[in-house]
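Comments concern the structure below.
The values are calculated or read from the model by the stated rules, or taken from the named source; none is laboratory data. Keep in mind it's a predicted model, so treat the numbers as computed, not measured. Counting neighbours? That spans all protein chains shown, and the Cβs are built from the backbone with ideal geometry, glycine included. With ligands, DNA and RNA removed, areas are computed over all heavy atoms of the protein, side chains included. Shrake-Rupley method; radii C 1.70, N 1.55, O 1.52, S 1.80 Å.
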Amino acid sequence: MIQIFRKAFSLLERRDRLRLGVIIFLMFLGAVAETIGIGIIPSFIGLLGNDNLRKTLALFAGPMS
Amino acid sequence: MGFQDYRDFVQWFCAALMGVYVLKNSYLAWLSYVQTQFVYHQQYKVSRRLMSRYLRQPYTFYLQRNTAEILRNLNVEVPDLFTEVMRDILIILTELLVILCVSALLLAVEPLSTLVAVMVLGVSSLVFYQLVRRPVGRWGKQQHYHMGQMMQWVNQGLGSIKEIRVLGRESYFLQQYRLSAAAYTDAMQRIQFINKLPRLYVETVAVIVLLLVLMLDLTQGRRPRSLLLLLSLFAMAAFRMMTSMNRIVAAVSTIRFYSHALDAVHGDLMAIAPGNPLSKFRPKLDPIGPSPLLQHSIELDRISYTYPEAQSPTLQNLSFKLRRGEAIGIAGPSGAGKTTLVDVLLGLLIPDVGEVRIDGEPLSGKRAEWQHCIGYIPQNIYLSDDTIRRNVAFGLADAEIDDAQVWRALRLAQLGSFTELLSQQLDTRVGEMGVRISGGQRQRIAIARALYHEPEVLVMDEATAALDNETERSIVQALETLRGEKTMIVIAHRLSTIRNCDRIFWMKQGCIAATGTYQDLWAHNAEFRDMVGHAD
């Protein structure tokens, strides 16, 4: 498989290899974004069920309401 | 933050979550566009480079390679390489990065369960890959080979339809095509099935992993609420990683299946190196007008040539000198090396021994300029399915075509009055391989094509063989008017075509066996006399 990868990249010209490097970096940012997307929903669920947060917010909101 | 109450907080958080997802997916959509653009741009560039290499090969390359193979490499393998191999390599990289980032998140939250999950997923994917690796590679080669065979049978079947119809050999060609098509579709069917397996396999493994994590956490005595949160995180991660694993496993098998496309394209791009002396870009030359290259003579000095993989030489120690404006005829039995000699003179074949000199200078340094001053008329002309104008001014853009020059060439080739009578004249289409015109007219288009550039040297390789006697006579007369003005090298079986040449070389087994005028050879060479007797 590594050989296939090498062979495929050897078809690219130098400038295109650099472009590919930039695209791989963008792909890494995409993977981070995906991970945030995965992590954020359970965190939200966790926050919803968090009694301490509910109490804290009620404490701040109380005098205003 | 100014939240009024808990509900307010939840609403704000929901809005923020929506924003995050819209941003994330917009970014991923843009990234997908960038990746697709990159892949297709590379496809365009590689196919252009490959076509350029194919067009600039030494002549022996075309003698050794099958056209169907070249056609398949350009039109099937290059698209397969990029839409299947290159795109899937990017998919693997993308999904590996996703797995890496998601695993990092899970490791931070729950190290032990994550390690177990990653190990189980990794090992099971590796097992799947090892199981399908060899058969997928084998099917890929099968598909590649039989695709080439299918193209070859289509080319051969449709290219010689007249003979096939007359001989009644349709069933043979159909049977050969059918065998290749069956083997091709068999390979495709198997790979399509294998491509559907990863989803089911990975889904099964992912559910097992998720339940393993649950069991592991239960044995560690976790509280149900935290377990629920952990499970929701793992479920989300498993869902995404399942997609990633699925895509990776499918991409790996696709890449193996299409790796022959990579081998074929990479092989030709690397093997046909641009450093080859005949593959250099040609200088931009004036489309019309003689080259001043030939001033005095063309000289062949002790030329020998052996075709690749041939046992014996086709040309042996051949020497002669040809003055500017001279007309020579080359005659001899089949296999004597006449066409090879012309190919050496055209600069298409490089002699193994000896040298071709133009005005005393070796041909090797100015091959392109030399070829530009030659008008070559082959025995079988290739006519494109296009107009007479474009077929005569072959390979020139419309803006570069000089109509007056086209008419002049057509008149010299005895095709002027025929074209004038056509309702669309120069815009008349000749059909694929010139099927809408007669054999004689096709050959005269070949002559017009050679004359269009006003070449210094005219090379005719059995150019009048397909013409009737009367047309041949009128063309010979037309060419006679160019005597002294153009240097002419004429190969002919029909010896009436070379009767008026200044000298005739009688070739036998790659050597010049006799030289002289028609009358000299007739008087002193029994084999020549014998051939004249047969031909005329």
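How big is region B:147-189 in terms of Cα radius of gyration and Dmax, in angstroms?
Taking only Cα atoms of region B:147-189, I get Rg and Dmax of 11.2, 37 Å.
Can you list residues from other chains, or at least 5 along the same chain, whose modelled amide H is less than 5 Å from the amide H of B:Lys508?
Long-range HN contacts for B:Lys508: B:Ala513.
Which FRET efficiency value, to the nearest 0.05, do you get for B:Ser334 and B:Asn155 by plugging their Cβ-Cβ distance into 1/(1 + (r/R0)^6) with R0 = 41 Å?
On the way: r = 25 Å, r/R0 = 0.62.
FRET efficiency, B:Ser334 to B:Asn155: 0.95.
Between the alpha-carbon centers of region B:58-86 and region B:173-198, tell me the distance in whole angstrom.
20 Å
Evaluate peptide B:92-105: per residue, the Cβ atoms of other protein chains within 10 Å of its Cβ; return the mean as an integer.
Details: counts 2, 7, 8, 3, 2, 10, 9, 3, 4, 11, 6, 1, 3, 5.
Going residue by residue through B:92-105 and averaging, the value is 5.
How much of the accessible area of chain B, probe 1.4 Å, is carbon plus sulfur, in whole percent?
On the way: 15560 of 26780 Å².
With neighbouring chains kept in place, the figure for chain B is 58 percent.
Rank B:Arg302, A:Arg19, B:Arg389 by accessible area, highest first, at a 1.4 Å probe radius?
Values: B:Arg302 135, A:Arg19 85, B:Arg389 50 Å².
The ranking, largest first, comes out as B:Arg302, A:Arg19, B:Arg389.
For the protein assembly as shown, take every pair of Cα atoms, bin their distances at 10 Å starting from 0, and report each bin as a whole percent.
Taking all Cα pairs of the protein assembly as shown, the binned fractions are 3, 12, 17, 17, 14, 11, 9, 7, 5, 3, 1, 0, 0 percent.
Calculate how steeply helix B:259-271 sits against the longest principal axis of the alpha-carbon atoms of chain B, using the helix alpha-carbon long axis, and give the answer as 0 to 90 degrees to the nearest 10.
That works out to roughly 40 degrees.
Send over a whole-number figure in Å² for the accessible area per residue of region B:31-269, probe 1.4 Å. Write down the numbers at each step before the final one.
Details: 12110 Å² over 239 residues.
For region B:31-269, the solvent-accessible area averages 51 Å² per residue.
Probe radius 1.4 Å, ligands and nucleic acids left out: which of B:Phe394, B:Phe128, B:Phe239 has the largest accessible area, and how do the rest follow? Before the final figure, lay out the partial values.
Working: B:Phe394 95, B:Phe128 15, B:Phe239 140 Å².
Ranked list, largest accessible area first: B:Phe239, B:Phe394, B:Phe128.
Excluding ligands and nucleic acids, what accessible area in Å² is computed for B:Tyr201 using a 1.4 Å probe, to the nearest 10?
70 Å²
Can you tally the net charge around B:Lys24? Count Lys and Arg as +1, Asp and Glu as -1, for every other residue whose Cβ sits under 14 Å from the Cβ of B:Lys24. Each step should come with its number before you reach the end.
Working: positive: B:Arg240; negative: A:Glu34.
For residues surrounding B:Lys24, the net value is 0.
Quick check: with the 1.4 Å probe, what order do B:Lys366, B:Lys321 take by accessible area, largest first?
On the way: B:Lys366 45, B:Lys321 110 Å².
Sorted descending by solvent-accessible area, the residues read B:Lys321, B:Lys366.
Taking the Cβ of B:Val249 as the center, what net charge do the other residues with Cβ under 12 Å away carry, scoring Lys and Arg +1 and Asp and Glu -1? Let's see the in-between values first.
Values: positive: B:Arg133, B:Lys196, B:Arg199, B:Arg247, B:Arg256; negative: B:Asp88, B:Glu95, B:Glu203.
With Lys, Arg at +1 and Asp, Glu at -1, the neighbours total +2.
What is the mean projected area of the alpha carbon convex hull for region B:359-515, to one decimal in square nanometres?
Numbers: hull surface 42.5 nm².
Result: 10.6 nm².
In terms of modelled amide H atoms, which long-range or inter-chain residues lie less than 5 Å from the amide H of B:Asp386?
Here the answer is B:Val430, B:Gly431, since their amide H atoms fall under 5 Å of that of B:Asp386.
Determine the calculated [θ] at 222 nm for the protein assembly as shown from helices alone, applying -39500 (n - 2.57) to every DSSP H run no shorter than 4 residues and normalising by the residue count; nearest 500 deg cm²/dmol.
Values: 21 runs with 374 residues, N = 601.
My calculation for the protein assembly as shown gives -21000 deg cm²/dmol from helical runs alone.
For region B:31-269, what value does the Rg/Rh ratio take when both radii are computed over Cα atoms and Rh is the Kirkwood radius, given to two decimals? Intermediate values should be presented prior to the final figure.
Details: Rg = 24.2 Å, Rh = 21.0 Å.
Reported Rg/Rh, Kirkwood definition of Rh: 1.15.
Over all distinct alpha-carbon pairs, what is the Kirkwood Rh of chain B in angstrom? Intermediate results must be reported in sequence, preceding the final value.
Values: mean 1/r = 0.0342 Å⁻¹.
Taking every pair of different Cα atoms in chain B, averaging 1/r and inverting gives 29.2 Å.
List the pairs from A:Lys7/B:Lys24; B:Lys141/B:Lys196; A:Lys7/B:Lys366; B:Lys338/B:Lys366 whose alpha-carbon separation is above 28 Å, in the order I gave them. Before the final figure, lay out the partial values.
Values: A:Lys7/B:Lys24 33 Å; B:Lys141/B:Lys196 20 Å; A:Lys7/B:Lys366 35 Å; B:Lys338/B:Lys366 23 Å.
Where the Cα-Cα span goes over 28 Å, the pairs concerned are A:Lys7/B:Lys24; A:Lys7/B:Lys366.
Once phi is turned into θ = phi - 60°, what whole-Hz ³J(HN,Hα) does the Karplus curve with 6.51, -1.76 and 1.60 give for every residue of region B:521-528, x standing for Gly and Pro?
5, 4, 6, 10, 10, 5, 5, 4
Full extension from B:Gln477 to B:Ala29: what is 0.36 nm times the residue separation minus their Cα-Cα distance, to one decimal in nm?
Numbers: separation 448, 0.36 × 448 = 161.28 nm, distance 7.04 nm.
Separation in residues times 0.36 nm, less the Cα-Cα distance, equals 154.2 nm.
In whole Hz, what ³J(HN,Hα) sequence does region B:129-140 give by Karplus (6.51, -1.76, 1.60; θ = phi - 60°), x for Gly and Pro?
Each residue of region B:129-140 in turn: 4, 4, 5, 9, 3, 5, x, 5, x, 5, 5, x Hz.
Can you compute the modelled spin-label distance between B:Asp502 and B:Tyr382, with each label point 7 Å from Cα toward Cβ, in nm?
3.3 nm
Restricting to bridges with both residues inside region B:429-536, how much of the DSSP beta-bridge set is antiparallel, in percent to the nearest 5? Show your work: numbers first, answer last.
On the way: 5 of 11 bridges.
Restricted to region B:429-536, the bridges split so that about 45 percent are antiparallel.
Can you give the convex hull volume of the alpha carbon atoms of region B:39-105 per residue, in Å³?
On the way: hull volume 5.9 nm³, N = 67.
Enclosed volume per residue, from the Cα hull, is 88 Å³.
Along region B:443-451, what does the Karplus equation 6.51 cos²θ - 1.76 cosθ + 1.60 (θ = phi - 60°) give for ³J(HN,Hα), rounded to whole Hz, x for Gly and Pro?
5, 6, 5, 4, 5, 4, 4, 5, 7
Could you calculate the FRET efficiency of B:Leu96 with B:Lys366 from 1/(1 + (r/R0)^6), where r is the beta carbon distance between them and R0 is 51 Å, rounded to 0.05? Walk me through the intermediate numbers first.
Numbers: r = 54 Å, r/R0 = 1.05.
Efficiency computed from Cβ-Cβ geometry: 0.45.
By DSSP, what percent of the beta bridges with both residues in the protein assembly as shown are antiparallel, rounded to the nearest 5? Intermediate values should be presented prior to the final figure.
Values: 19 of 37 bridges.
Counting only bridges with both partners in the protein assembly as shown, antiparallel ones make up about 50 percent.
Using a Förster distance of 41 Å, how high is the FRET efficiency between A:Ile45 and A:Ile24, based on the Cβ-Cβ distance and rounded to 0.05? Present the calculation step by step, with values, prior to reporting the outcome.
Working: r = 33 Å, r/R0 = 0.80.
Calculated value: 0.80.
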